[in-house]
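Following: one structure in structure tokens, then a few remarks.
Rule-based calculations on the coordinates, nothing more; no lab input. Predicted model only: the values in this text are computed from it and were never measured. Cβ: placed from backbone, ideal geometry, glycine included. Neighbour counts: every protein chain shown.
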Amino acid sequence: MSESVNKCSPRLTVVMPVFNRPKELVVMVDSILANTFRDFELIAIDDGSEAQTLALLKQYVEHDSRVILLHRAKSPKGAQTCRNIGLENARGEYIIFVDSDDYVTPECFATRLRHISERPELDFMVFPSGGYNSNDGFNPVGHQFGYTVFGDDLCAFLRRTLPFVVWNNIYRTEALREHSIKWDTQLLSLQDSLFNTECLLADMHYDYAHVSPNYGWRVEDNAGSISKRIVTEPHFRSHLYTIEKVYKLVQSKYGHRYDRDLFRGVLYLYNMIFAEGIDDARARLLVDVVRSYSRLGGFILRSQVSFTHVLELILTKRKARVLPMVAYLIWLRRENKRIQERRAQLASGLMESQT
């Protein structure tokens with residue numbers, strides 16, 4: 001149910017899931033309302049916050065008719081369910097998904113609307129982002145996403161080297177609906193990656209905007225972050241589901257063209273899941289899923305697990321896991337370094353061109 005609804009459809013809808021963190025929420029909402037572009041609705045979807053956060057949201061609703069408060073009334077709990085609710089209720093021609101603990105620059109919405117309006121053939125556009133934290137504020141050259149550093153963005157998503165995140169983008173609302181793009185509520189992590197992967201697999205047209213960063217991703221650690229829970233049993237099941245779904249989607253469209261990239265994405269998750277050593281039951285499940293879509297990938301992964309167990313007789317579990325992966329880990333380190341250097345180069349170039 002909404003506490004406030006605008007009578008006329010706005011040009012832009014901003015969808016923002018909310019779950020506590022009132023101090024960070026104030027920074028984000030204030031930055032949204034300070035935008036020079038005014039014709040938008042902010043749909044805040046509460047995911048079961050405590051009284052302090054709810055009272056804060058209701059204050060914003062009372063003081064600004066563009067702020068709409070909805071409450072998640074269906075399962076499962078989580079940001080992806082909230083974003084689907086926001087997408088279902090969006091009235092804007094365009095839509096942006098944001099996190100409630102981040103920051104947008106005052107010109108963010110105007111810049112995005114201006115650029116995508118000039119490109120009617122596009123379904124979405126990608127914009128650069130920087131970092132944000134409470135002590136230093138917005139840092140345009142830190143933690144960048146949204147730069148053209150890959151020749152094949154789908155390849156990068158499958159490898160888990162993300163070209164952009166959802167909050168980098170502005171989408172045409174109708175394009176998402178026409179292609180039936182929604183947030184997969186079975187995922188406990190990696191939701192952004194799958195959402196954009198499905199956009200690419202649906203052949204949605206997009207391009208990068210070469211402008212200064214206008215979104216700040218909060219880079220401060222927090223105890224409840226997904227990255228600290230990613231090795232739990234529910235998250236492991238979510239990873240298996242994600243791996244299988246992506247293999248199905250990609251192979252149904254491209255056959256085995258991207259198998260190498262898909263396998264590198266599996267190794268990325270494998271490296272996190274078994275950070276403290278191999279769990280036999282989980283390893284068998286992971287091998288079985290990969291083998292059902294790639295006999296070669298399944299064979300390599302099974303051999304890697306077996307070699308790790310042999311090494312555990314003479315090495316620590318961590319070292320025994322790392323050694324069979326050394327070629328991949330060297331590649332990943334070099335690739336990440338290349339990506340970071342290229343993004344920093346592009347960010348510096350954009351900032352110089354704006355001055």
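Tabulated data
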quantity	calculated
Cα convex hull volume per residue for the chain (Å³)	145 Å³
Qualifying lysines (Cα of each under 28 Å from Cα of Lys319; at least 8 residues distant if same chain)	Lys228, Lys337
Between helix 191-201 and the chain: long-axis angle, C-alpha atoms, 0 to 90°, nearest 10	90 degrees
Net charge of neighbours whose Cβ lies under 11 Å from the Cβ of Glu93, counting Lys and Arg as +1 and Asp and Glu as -1	+1
Test item: Cα-centred dipole of region 12-226, Lys/Arg +1 and Asp/Glu -1 on Cβ, debye	280 debye
Cut-off 9 Å between beta-carbons: net charge of the residues surrounding Gln251, Lys and Arg +1, Asp and Glu -1	+2
Degrees, to the nearest 10: 259-273 long Cα axis against longest axis of the chain	90 degrees
Sequence-distant lysines (8 or more away, or on other chains) whose Cα lies within less than 17 Å of Lys74	Lys182
Among Asn89, Leu194, Val250 the positive-end extreme of the charge dipole of the chain (Cβ point charges)	Val250
Most mobile listed residue (Phe263, Phe164, Phe307) in the chain, GNM with C-alpha springs under 10 Å	Phe307
Dimensionless Rg ratio for region 230-329, taking C-alpha atoms and the 2.2 N^0.38 Å reference	1.05
Residue-averaged [θ]222 nm for the chain, counting only DSSP H segments that reach four residues, each worth -39500 (n - 2.57)	-15500 deg cm²/dmol
Partners for Lys245 among aspartates and glutamates (Cα-Cα distance below 19 Å; same-chain residues under 8 apart left out)	Asp153, Asp184, Asp192, Glu198, Asp203, Glu233, Asp259, Asp261, Asp288
Crossing angle, helix 108-117 versus the chain [Cα axis fit, 0-90 degrees, rounded to tens]	80 degrees
Antiparallel %, DSSP beta bridges [both residues in the chain], to 5	35 percent
